[in-house]
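Okay, so here's the structure we're looking at.
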Amino acid sequence: MSSELKEKTAKGLIWGGLGNGAMQVIGALLGLIMLNILTPADYGKVAVLLIYSNIATCIQDSGFTAALINKKEPTHEEYNSVFWFNITVSLVMYVILWFASPFIAEFNHDAELTTLARFIFIGFVINSLGTVQRAYLNGHLMVKQTSIIGLVALVLSNTVGVLVAFVGYAYWGLALQPMLFVTIVMVCDWYVSPWRPTMRIDLRPAFGMFGFSGKILLTGLFGQLNTHVFSFLLGHYYGAHTTGLYSNARKWNDMASNTINGMMSSVSHPVLAQVADDDARYRAVFRKMLRFASFVSFPCMLGLAIVSRDFILMTVGEKWADSALLLSMLCLHGAFVPITDLYSRLAISRGRSGVNLFCTVSLCVLVWIGLYAMRSFGIYYMIAYFILINVAWLLVWQWFAWRIVRLSFLAVLKDVSPFFLFAASVVTATWYMTSPIDNVYISFVAKIVIAATLYIGITYLSGAVILRESIDYLRKNRK
């Protein structure tokens, strides 16, 4: 990597990490308050609607955000065309979902979902007003600005959501929070971004990018189906209570995983796109990102797995205790999410959105078939299958990485496996060392201290380059 690109990447990772970390911590604190107010059934009502809202958001974006970022210098006409396309599609989707809301409520055996759905779906219409502004900020690596915006939006929206739930409106507080979040983000993106739309509406530039963005759209749709398959099936076959327990476990897993993945994704696509013309340089940049993701993700996610029960009991009590084991299991999947995302960015940044589409669609089909077939065995077997198929699919991603940039499996194994083995060994040792401790508070603190100390120590003694480079950069930045 050139020194200039390395500096931009490092700054992006730091701001992405700080921003996402702060957002997840604050979101967790406010979320804990909400969990103590609401019941699993309240969470289940909102969870079963997210699949429809997120699919509508994917259709509204239609992959144009990624297409704009992938262009080194998008024109005003391209930005403007995508802007008006997003707004038009979002309005059409809202009308469709407005009339579909009673059928959604009937499918989930809950008449209250009709009004709730129509309220929640307003969020993706508001979001459509700011997607091009966010594409501009991300494409220009303005990670500091986007991190600050996200943090402000999170604090304000979650605070209002908690207050609404506290005064007795229950799940309406959960429904209001994401709508306020996207509204605040949209307004701030407009304030920070210098780009402005014009009234000359011409959708031809957007349709000209559809050969690339259309594959991103289909990828996003199947990705959402993969993400929300549990809420869909559990809501229909197991009811709102079980759906709420799973939703809570998935939320904590996603918070931790998204902190790491958000830090990486804020820089991975634009940086990889900048070096896409040089295979050797591209492989070097990708492998460094892969090592950093493994270095951070494995200890954090496996560490969360062993403290999950202590954490749930300490914060929200026995009524959510059944979600602890679900969280522990999901953490294994979450540990590999940043690596999967990097492979996805590799394909997109090289203009191979078809590869991204094939991998996502094929995986989604296998997940849905398997989970539907296993629905009678119970949620734990369903999650075990979900983890197994998602982790195994990394081999397919790796095969395509070899085809695209000649990135060998042995090179990836060399980058990833040491950190997985270090983390797995550390959490196993920590688990046995702390198993005699009965007090959940002491157990929680002891596990964190022991695991962190052991992991830093073993990576330092092994001479891990990524640890040394991270320390050197932080020292330099502090000076």
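Looking at (1) surrounded by 13 or more Cβ atoms within 10 Å (Cβ to Cβ); (2) assigned to a helix (DSSP H, G or I); (3) of a type in the set (A, V, I, L, M, F, W, C), which one does residue 369 not meet, given that it meets all the others?
The failed condition is (1).
How many residues does segment 95-117 hold that are open to solvent by 60 Å² or more (accessible area, probe 1.4 Å) and not aliphatic (A, V, I, L, M)?
Quick first cut of segment 95-117, residues open to solvent by 60 Å² or more (accessible area, probe 1.4 Å) only: 95-96, 98-99, 103, 106-107, 109, 111-112, 115.
If we keep only those that are not aliphatic (A, V, I, L, M) too, we end up with 98-99, 103, 106-107, 109, 112, 115.
So the count comes out to 8.
Does residue 374 satisfy the criteria of being surrounded by fewer than 23 Cβ atoms within 10 Å (Cβ to Cβ) and free of Cβ contacts under 8 Å to residues at least 12 places away in the same chain? Please lay out each step first, then the result.
Working: surrounded by fewer than 23 Cβ atoms within 10 Å (Cβ to Cβ): yes; free of Cβ contacts under 8 Å to residues at least 12 places away in the same chain: yes.
Criteria met by residue 374.
Restricting to segment 234-251, count the residues that are hydroxyl-bearing (Ser, Thr, Tyr) and buried (at least 24 other Cβ atoms within 10 Å of the Cβ).
Final tally of qualifying residues: 3.
Name the residues in segment 35-68 that are open to solvent by 10 Å² or more (accessible area, probe 1.4 Å) and not in a helix (DSSP H, G or I), would you?
39
Which fully enclosed helices (runs of 4 or more DSSP H) of segment 187-301 have 1 or more residues being farther than 23 Å from residue 358 by Cα?
So the answer is 204-208, 229-237, 240-274.
Going through segment 199-228 one residue at a time, which ones are of a type in the set (Val, Ile, Thr) and open to solvent by less than 60 Å² (accessible area, probe 1.4 Å)? If you could, list the steps in order and put the result at the bottom.
Narrowing segment 199-228 to residues of a type in the set (Val, Ile, Thr): 201, 216, 219, 227.
Residues satisfying the conditions are 216, 219, 227.
So which residues in segment 307-324 are surrounded by 17 or more Cβ atoms within 10 Å (Cβ to Cβ) and hydrophobic (A, V, I, L, M, F, W, C)?
Of everything in segment 307-324, those that are surrounded by 17 or more Cβ atoms within 10 Å (Cβ to Cβ) and hydrophobic (A, V, I, L, M, F, W, C) turn out to be 307, 311, 312, 313, 316, 320, 324.
Only one of (1) open to solvent by 20 Å² or more (accessible area, probe 1.4 Å); (2) under 25 Å from residue 234 (Cβ atoms) is not met by residue 76, so which one is it?
So residue 76 meets the others, but not (2).
List the residue pairs whose Cβ atoms are under 6 Å apart, where the first residue sits in segment 228-257 and is in contact (Cβ under 8 Å) with a residue 40 or more places away in the chain, the second is not in a helix (DSSP H, G or I), and the two are 6 or more positions apart or on different chains.
Listed pairs, sorted by first residue: 235/108; 245/322.
Filter segment 173-198 down to the residues that are surrounded by 20 or more Cβ atoms within 10 Å (Cβ to Cβ) and among the aromatic types (Phe, Trp, Tyr) and list them by number.
Correct list: 181 only.
So which residues in segment 418-451 are surrounded by 12 or more Cβ atoms within 10 Å (Cβ to Cβ) and free of Cβ contacts under 8 Å to residues at least 12 places away in the same chain, if there are any at all?
As a first pass, look at segment 418-451 and keep what is surrounded by 12 or more Cβ atoms within 10 Å (Cβ to Cβ): 418-431, 433-434, 437, 440, 442-451.
Passing the criteria: 421, 428, 437, 442, 445, 449.
Quick one: which residue in 159, 146 is under 30 Å from residue 75 (Cβ atoms) and modelled with pLDDT under 90?
Exactly one of 159, 146 is under 30 Å from residue 75 (Cβ atoms) and modelled with pLDDT under 90, namely 146.
Residues checked against (1) touching a residue at least 40 places away in the same chain (Cβ under 8 Å); (2) more than 22 Å from residue 29 (Cβ to Cβ):
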site	(1), (2)
129	yes, yes
136	yes, yes
153	no, no
173	yes, no
191	no, yes
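The values are calculated or read from the model by the stated rules, or taken from the named source; none is laboratory data. All values derive from a computational prediction rather than experimental measurement. Backbone-built Cβ (ideal geometry, glycine too); neighbour counts: all protein chains shown. Side chains included, ligands, DNA and RNA excluded: accessible areas come from the protein's heavy atoms. Shrake-Rupley method; radii C 1.70, N 1.55, O 1.52, S 1.80 Å.
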